[in-house]
Structure formats: C-alpha cells, structure tokens
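Encoded as structure tokens, the structure appears first; notes follow it.
What follows draws every value from the coordinates through simple rules; no lab data is involved. Because the structure is predicted, anything quoted here is derived from the model rather than measured. Reconstructed Cβ throughout: ideal geometry from the backbone, glycine too, with neighbour counts over all protein chains shown.
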Amino acid sequence: MKSDKTRPTSDKVKGALFSIITGYVEEAEVLDLFAGTGSLGVEALSRGAKVATFVDRSEECINIIKENLIHTKLLEKAIIIRGNVSDVLKKLHLQGKSFDLIFMDPPYNKGLIVETLQQIEAYNLIKSGGFIIAEKSIGDEVPERIGKLVLVSEHKYGDTALMRFKVSEV
C-alpha cells in the first residue's frame, strides 16, 4: 500500500540499493528516516536485519508502515515512531541508540539531507563500519564530507541518485 503523499523508492532503485549493501543487512540494526511506506526498512527486515526503526511525521504513512509490516509478518522486529525526524534523532541520541544502516529518503530539494547527516554525525548515531544511504534528486547538492561522514559512492538512476556515506576514521 502507498500514500498519495509519498514518493516511494522505485523497484529499480531499491534493487540497486540492496545490491550495493549486500552483506551488511543481516543482523543489522536499521533506521529508516522519512520512511514513507517503509519499503526500505521492510526490505531490510525481509533480508535478515535484526530490527528496524521507522520514522515519519505523517499519521497516514505510519498507518501504511504498520499495515505493510503486518502483511509481511515483520511487525515484531519493528519500532515505529511518528514525529519530526530532527526531534526523533535527538531522542534516539539521548537514549544512546546507534545503527548499522540508516536509510533516508527525504522530500527532494529541501536541504534535508545535509541537515539530517549533520545531526546523525553530531549525535553519533551510525556505528563504526555502518553506512548511511541517502536517496536524492540529482539536482540536490550534497557535499562529499559532513564532519566525520564521507561519501563512499554515488549511483545515478534517471533523476534519482543514491549516496552512500560512512564514518571516516581520519
């Protein structure tokens, strides 16, 4: 099920994304930001992730995520949080949480990727060896380094790009 307010990740892009991170999903603790329908987090759970935390501010999206998790019988491995991503990241930090994989698919061309990456880095929410995957419009400008987060790869699919960041040890 999908919402009229979301722009779900296309099957082509989702397939490419999971081929990029093969080997990092199993037993991973996943954070799906701007989750929309939850398709990325649900896919990660179906591929063996230990737990996925879904964050979206829309009640409609939260209901769709719950329905999708019930349909795939993965609800018991999920944490669903309705709220503003910025506020939720701060709460997760205060709870001492960190993640192996973070997906983020914010509304395009609003500067949310840079702002969210800055928070993830400042709050130390990505584990060493973990990855952040950001989906963006190819027109959205994102620097190759944000604090300790460095761009590892960028793949373009039509007007969409996937950026993979990791924590630099230097």
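Loop only per DSSP, at most 16 neighbouring Cβ atoms within 10 Å: give me the GluC sites (Glu not before Pro) in the stretch 93-169, ordered by residue number.
Glu141, Glu144, Glu169
Could you work out, for the chain, what percent of all Cα-Cα pairs fall into each 10 Å distance bin, beginning at 0 Å and stopping at the bin that holds the largest distance?
10, 43, 40, 7, 0
Taking the Cα centre of the chain as origin, sum charge times position over the Cβ atoms of Lys and Arg (+1) and Asp and Glu (-1), and report the length of that vector in debye to the nearest 20.
In debye, rounded to 20, the chain gives about 180.
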